[in-house]
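A.B. asks: A single structure is presented below for examination.
The values are calculated or read from the model by the stated rules, or taken from the named source; none is laboratory data. Keep in mind that what you see is a predicted model, and the values were worked out from it rather than measured. Neighbour counts are summed over all protein chains in view; Cβ atoms, including those assigned to glycine, are modelled from backbone coordinates with ideal geometry.
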Amino acid sequence: MRITKTLGEYLLGAGALAEFPRVLSGRADGPTDRVVYLFDHFFSEGGLAARLPIKKHDTVRYVDTTDEPTTEGIDALVAELSVGAPIRAVIGVGGGATLDTAKAVSNLLGNGGRAADYQGWDLVPRPGVFKVGVPTLSGTGAEASRTCVMMNHEKNLKLGMNSDHTVFDRLVLDPDLTASVPRDQFFYTGMDTYIHCVESLGGRFRHGFADACSDQALRLCREVFERGDMQNSENRERVMIASFLGGSAIANSYVGLVHPFSAGLSMVFHTHHCVGNCIVMNVMDEFYPRETEEFHEMTERQRVRIPTGLCRDLPDEEYRALYDATIIHAKPLANALGDDFKNVLTFDKVVEIFRAM
Ligand code: NAD
Ligand code: ZN
């Protein structure tokens, strides 16, 4: 049994961003305290930065989220930010990619070394710099989780810094910030919460707190995606809360089959996390029959297109690469199918599933 850390302090509600100065109070609000603001590149236009109390000696960077964060990219950013006055706070404003970037940067500023040194479990020795998350896209749970996922091209793996020190110190949860998200993206990322909870509840490992969070997050997802306009203001707040609960659930339990297959797509085709999960969930009838049907109903109700045909006719070596990048995720696969998961997920079975996508 381990001592569990959950995120303690947050501001929630439409318009919460206006209260942002309060989250720095007592931590980084002195006249000379330097704060680093990392915004998703979408916000390089539109004036969002002007709504924050940015001082002239603070640093603002726009994170290019065209591709998911890499260890090399994080190292380069930290090297650049380290020049100048000490940094008292790191603020991440964006979706999962930007929030993860802020978490990784904070850990490295507090501990030195390189991003790859801390990919794994409980390898971050000391707290990082005070960090605040401001999600602008809901679903990954990155705002609540104890990890920050990065691609490591040298080692050909995608892994986070799983550590209590990775958890944000404070959050600003303002559903107004997700109003500009394109519909498909809003659905794909929102579904990450649904899938986290389905996988967690469908697994063998049980944790009372995780189960309770998952149950509640699923209820909110159903309210949002099975009815009406998923992006109206009430629903944007519901997805924001569901994402937070789903991230808290997964921090105390495990995913199942969808994430390993999605990681396979991500390693071989660089498919982004959330759309990759949807591509996989679309064909999970055999393993999560009721939930796959429900997923189809939600895609139809929201009139969102899930890409298909991605893996239909590939050369053998690509199927081999997909198999290897999927089957390596032993913990979630064992959570879903038991320790002898390789008896179910034979090479041929895995290829059949990828072909169906
Ligand atoms: P993202 O951060 O990759 O952003 C997706 C797109 O949405 C980008 O083009 C971005 O510019 C745009 N966007 C973001 N906010 C917007 C807004 N308000 N208006 C318009 N456009 C906006 O997307 P994501 O799905 O939130 O995150 C995926 C990332 O999260 C992956 O890198 C994945 O590895 C990571 N992840 C982390 C965890 C965790 O626990 N740390 C869990 C799951 C996924
Ligand atoms: Zn996920």
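A.B. asks: State yes or no: is T147 among the hydroxyl-bearing types (S, T, Y), within 16 Å of ligand 2 (Cβ to nearest atom) and surrounded by fewer than 24 Cβ atoms within 10 Å (Cβ to Cβ)?
C.D. replies: Values: among the hydroxyl-bearing types (S, T, Y): yes; within 16 Å of ligand 2 (Cβ to nearest atom): yes; surrounded by fewer than 24 Cβ atoms within 10 Å (Cβ to Cβ): yes.
It is true that T147 is among the hydroxyl-bearing types (S, T, Y), within 16 Å of ligand 2 (Cβ to nearest atom) and surrounded by fewer than 24 Cβ atoms within 10 Å (Cβ to Cβ).
A.B. asks: May I ask you to list pairs of residues, at least six apart or on different chains, whose Cβ atoms are under 6 Å apart, with the first in region 125-139 being in contact (Cβ under 8 Å) with a residue 24 or more places away in the chain and the second being of a type in the set (D, E) and away from ligand 2 (no atom under 16 Å from the Cβ)?
C.D. replies: From region 125-139, the pairs are F130/D169; K131/D169.
A.B. asks: Among the residues of region 88-118, what is the count of those that are within 19 Å of H270 (Cα to Cα) and in contact with a Gly (Cβ under 9 Å, 6 or more places away or on another chain)?
C.D. replies: Qualifying residue count, region 88-118: 5.
A.B. asks: Here's something else I'd like to know. If L123 passes every condition in (1) at positive phi; (2) in contact with an Asp or Glu (Cβ under 8 Å, 6 or more places away or on another chain) but one, which one does it miss?
C.D. replies: Here L123 clears every test but (1).
A.B. asks: Quick one: which helices (runs of 4 or more DSSP H) lie wholly within region 229-307 and hold at least 2 residues that are under 28 Å from L171 (Cβ atoms), more than 13 Å from ligand 2 (Cβ to nearest atom) and in contact with a helix residue (DSSP H, G or I) (Cβ under 6 Å, 6 or more places away or on another chain)?
C.D. replies: 233-251, 289-302
A.B. asks: I would also like to ask the following. Does R27 satisfy the criteria of being modelled with pLDDT under 95 and over 30 Å from Y188 (Cβ atoms)?
C.D. replies: yes
A.B. asks: Evaluate region 119-133: report whether one residue or more is more than 10 Å from ligand 1 (Cβ to nearest atom), under 30 Å from A321 (Cβ atoms) and either basic (K, R) or in a helix (DSSP H, G or I) (or both).
C.D. replies: no
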